[in-house]
Amino acid sequence: MSRMSFAGLLNYGLFGLPLALVALPIYVYVPQFYSARFGLSLTLIGTALLLARLLDAFIDPAIGWWIDQNRHRRSHARYITFALPALIFGFLALFHPLPVANFAPFYWFLSSLMVVYAGFSLATIAHQSWGAALTQAPLERTRLTAVREACGLLGVISAAALSQLASIAWLSTSFVFTLLLASSLLISYAPRPAASNRPDAAEPEFGNQDGGRSDVAQIFASLTLPFQNHYFRHLFTVFVVNGIAASIPATLFLFFAKDRLQLEHLSGVFLIVYFVAAALSMPLWVMVAGRLGEARAWLCGMVLSIVTFMWVFGLGAGAATSFGLVCVLSGFALGADLALPPALLAAVIRRGGHSGQREGAYFGAWNWATKMNLALAAGVSLPLLDYLGYTPGTSDTQGIFALGIAYAILPCLLKLIAAVLLWRAPLRDV
């Protein structure tokens with residue numbers, strides 16, 4: 001495909017906005033919401049999140065296989081249409097529980113999460129695999145992922161702004177989210193993959209014949225096929241470690257802002273600053289990737305994140321200005337995490353010989369890793385904090401200290417490991 005117009009990029013990437021509008025409440029606000037609404041302990045909340053995300057993670061490869069198997073008969077937009085009912089219904093059930101939820105809040109929480117995760121997974125995998133099939137030109141794939149992630153950041157910023165306005169209840173917020181999801185059907189005007197990117201255009205470097213195998217065997221093959229590509233194995237390892245490092249602060253942010261900084265009333269502002277900085281950084285990271293390559297540019301983003309976030313542990317109550325500065329700089333680093341790994345993945349798919357054929361399998365495994373990152377971050381950090389004596393709303397010194405270690409120190413150590421792995425990985429010339 002030749003250079004895509006900005007209108008074409010926007011038609012494709014705009015769906016990232018409503019997806020992100022839904023994602024922020026699901027991944028950031030849910031723990032505090034169910035702790036305050038039903039009095040669930042951090043251990044129960046972490047357990048529900050861990051179970052839901054583990055189960056959800058293991059359906060992603062099946063979704064990727066399904067998309068690949070039906071790529072001749074259904075467009076990516078059709079799968080997004082299939083995903084919307086579950087996504088909308090699950091979101092509404094999650095944040096507007098019926099009275100029956102009072103009798104079994106844990107099970108209502110878990111079942112609502114499963115429904116919304118299923119819809120979110122199908123929509124996300126279809127959208128991302130569509131983008132990977134559109135172009136393999138290095139600069140074009142970076143432009144495409146940057147536009148998609150920038151639209152996602154606009155959605156996150158909108159969600160943070162809505163949550164900051166006390167006059168906007170969750171019901172009206174959910175109504176806005178629902179309307180935006182419905183309007184995402186306009187994605188049908190987005191560009192389609194060129195003939196050179198279609199399934200019959202290239203012979204794969206690794207085997208991909210499915211004939212004679214059962215559906216279960218084909219799903220298993222869909223899960224394992226990307227790992228036959230050694231470039232993907234390296235990228236996947238870096239992505240997992242880096243993703244856990246990013247997921248822990250996302251899970252604990254509201255608790256840290258309320259109990260450590262005592263700035264709960266500014267939590268929405270901090271999120272807006274953080275994601276605005278990430279959105280503004282996108283053109284910079286595209287330019288840096290054009291000069292240094294996507295892998296080196298991503299490494300620069302990791303280093304910036306570590307240098308910036310290590311300050312957080314020393315911040316105390318009322319440190320609004322200092323934490324705001326951290327949000328700006330770490331937001332710039334987030335731009336690299338959003339724009340560059342999907343572009344690297346598109347390159348890795350090309351090197352594996354699977355362009356136009358197996359994007360669904362790759363993004364199924366990719367989203368599996370994303371879900372596992374979130375599952376481990378919530379399923380380990382929340383019960384651990386509970387065990388160490390931290391409870392939401394506490395002023396206990398030991399609990400606040402444990403919260404600081406989990407929120408600031410642990411992510412920096414994990415990010416450092418990810419940076420070393422990326423430095424050693426053979427990804428500079430994919």
_Distance from the range 272-344 to the range 392-426 (C-alpha centre basis), Å_ = 16
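Please work out the Kirkwood hydrodynamic radius for the range 259-396, using every pair of different C-alpha atoms, and report it in angstroms with one decimal place. Don't skip to the end; give the middle numbers.
Values: mean 1/r = 0.0575 Å⁻¹.
When all Cα pairs of the range 259-396 are included, the Kirkwood radius is 17.4 Å.
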*Ranked order, 281, 5 - accessible area, probe 1.4 Å, largest first*: 5, 281
*Measure off 7 Å from each Cα along the Cα-to-Cβ vector at residue 227 and residue 387, then give the distance between these two points in nanometres to one decimal.*
2.7
*Label residue 3 and residue 307 with points 7 Å out from Cα along Cα→Cβ: what is the distance between them in nm?*
3.2
*Averaged over every viewing direction, what's the projected area of the C-alpha convex hull for the range 78-153? Give it in nm², one decimal, please.*
5.9
_Shape parameters for the range 325-378, alpha-carbon atoms, Rg then Dmax in Å_ = 14.2, 44
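The values are calculated or read from the model by the stated rules, or taken from the named source; none is laboratory data. None of these values were measured; they are calculated from a predicted model. We place every Cβ from the backbone using ideal geometry, glycine too, and count neighbours over all the protein chains shown. Quick note on the areas: whole protein, heavy atoms, side chains included, nothing else; ligands and nucleic acids left out. Shrake-Rupley method; radii C 1.70, N 1.55, O 1.52, S 1.80 Å.
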